[in-house]
Amino acid sequence: MITSEKKAGVSKDLQSHKTDTGSPAVQVGIMTARIAELTDHLKTHKHDFAARRALLQLVGKRKRLLKYIAAGSGEAYLELIKKLGIRR
């Protein structure tokens, strides 16, 4: 599970204003951190199929949010994936 300190750090980098905690960009950043942690967990625990399913669901949800951001503003989408290090 992602710690609250790490979540706060990620949201601070992607906020559009001081109290922004739920914008799509912030949500994608938090999901990316969780995906990284789950991926690392699955490298050592190859047979944890519940975690694998959670990872796949999270990747799908992030993909839908990125699609929503891209439909609104292509420039914001490209900037976000560059900042997070996500490939297209």
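Brief remarks on what is shown
- Counted by neighbouring Cβ atoms within 10 Å, the residues 16, 23 run from fewest to most as 16, 23.
- Principal-axis tilt of helix 49-72 within the chain, Cα atoms, nearest 10 degrees: 10
- Dipole-positive endmost among 31, 70, 59 within the chain (Cβ charges, Cα centre): 59
- C-alpha long axis of helix 24-44 to longest principal axis of the chain, angle in °: 20
- Only Lys, Arg (+1) and Asp, Glu (-1) charged, at Cβ; the chain dipole about Cα centre in debye: 340
We did not get these values from a lab; they are worked out from the coordinates using the rules stated. This is a predicted model, so every value here is computed, not measured. A quick note on method: Cβ atoms are made from the backbone with ideal geometry, for glycine too, and the neighbour counts reach across all protein chains shown.
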